[in-house]
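Presented below is the structure to which this report refers.
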Ligand code: CO8
């Protein structure tokens with residue numbers, strides 16, 4: 001399969017997948033989500049000659065700045081919000097369940113769907129320039145790709161609720177302190193080296209042990225009801241005037257004026 005928005009390169013058994021829409025800060029449009037689905041849809045592939053994946057964003061500004069607001073405004077307003085969230089959740093679950101470790105290498109913004117994508121990976125390594133957040137409330141909506149579920153898992157309910165309700169961003173050091181990020185390194189090269197070091201260590205272990213460890217760790221957090229509630233609530237929020245106002249305010253680069261309807 002050839003990809004439009006994903007760049008794949010492989011070295012020493014480590015596959016790097018780069019989301020490549022730097023002008024839109026690598027925002028996740030439908031095409032990109034479909035390409036991620038296509039890549040991660042297989043369970044166990046005997047022919048794979050890689051033992052770990054680094055998932056990263058192109059350019060020096062962002063990992064992923066969220067779902068592509070300009071694109072999903074039209075689709076979600078047609079009443080497809082819940083279905084869109086559900087589809088994205090399934091793709092992110094494929095990443096979380098992938099049989100080899102996937103490390104998010106975060107250099108810059110990981111916001112909204114971007115933070116959710118990083119959280120679906122098995123580990124996160126950030127540069128000092130990384131910024132994390134779930135700013136959906138600024139658009140009059142809520143996280144839809146598992147953010148309300150996985151942020152709790154990493155940083156606990158109190159802090160997760162604060163970030164989701166305020167839309168505030170945190171820097172890499174705070175994300176590390178809270179447990180959202182595994183390691184923070186000053187530069188992208190150092191962060192990449194750390195990801196390679198971890199994946200190389202893991203690559204020396206038994207592949208079946210690694211695969212089954214991933215499966216068992218995930219089992220502890222398996223909560224389909226929470227994800228279903230999120231998709232339904234996301235859909236509800238996309239049907240509001242507040243969402244139209246929030247998205248218009250983003251495009252017009254101004255503060256939104258929400259009316260609660
Ligand atoms: N979608 C589309 N375009 C984007 C996005 C985005 N999420 N983020 C940035 N861009 C574009 C900007 O529109 C701008 O384009 P242009 O040059 O044509 O005006 C370009 O990228 C550069 O961005 P800025 O000019 O805004 O750069 P700044 O340095 O001023 O600000 C920020 C950087 C802070 C990252 C700012 O761009 C921002 O706030 N972006 C939006 C972040 C956000 O709200 N993300 C959450 C989106 S909602 C979401 O992810 C929901 C997930 C679940 C969806 C489930 C169903 C689809």
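Things to note:
- Per principal axis, descending, Cα span of the chain in whole Å: 56, 38, 35
- Degrees separating the helix 188-203 axis from the principal Cα axis of the chain, which is the longest one: 60 degrees
- Fewest-first ordering of 213, 41 by other beta carbons within 10 Å of each residue's beta carbon gives 41, 213.
- Compared with the dominant principal axis of the Cα atoms in the chain, helix 157-166 is inclined by about 50°.
- Once the Cβ-Cβ distance of residue 60 and residue 11 is raised to the sixth power relative to R0 = 25 Å, the FRET efficiency obtained is 0.75.
- Fully extended contour minus Cα-Cα distance, from residue 209 to residue 80, at 0.36 nm per residue: 42.5 nm
- For the range 1-61 versus the range 192-261, the inter-centroid distance based on Cα atoms is 17 Å.
- Residue 174 paired with residue 70, simple spin-label distance in nm, labels 7 Å along Cα-to-beta-carbon: 2.9 nm
- The relative contact order of the range 6-187, computed from alpha carbon pairs under 8 Å that lie at least 6 residues apart in sequence, is 19 percent.
- Estimated inter-spin distance, residue 193 and residue 34, nm [label 7 Å along Cα→Cβ]: 4.1 nm
- Each of the peptides 247-257, 55-65 was scored by the mean count of other Cβ atoms within 10 Å over its residues; in descending order, highest first, they stand as 55-65, 247-257.
- Cβ-Cβ distance of residue 252 and residue 90, R₀ of 51 Å, FRET efficiency by 1/(1 + (r/R0)^6): the value works out to about 0.95.
- Estimated FRET transfer efficiency (residue 2, residue 220; beta-carbon r; R0 41 Å; 0.05): 0.65
Since every read-out is calculated from the coordinates, none of them should be taken as a lab result. In this text the structure is predicted, and so the values were computed from the model without any measurement. Note: ideal-geometry Cβ built from the backbone for every residue, glycine included; neighbour counts use all protein chains shown.
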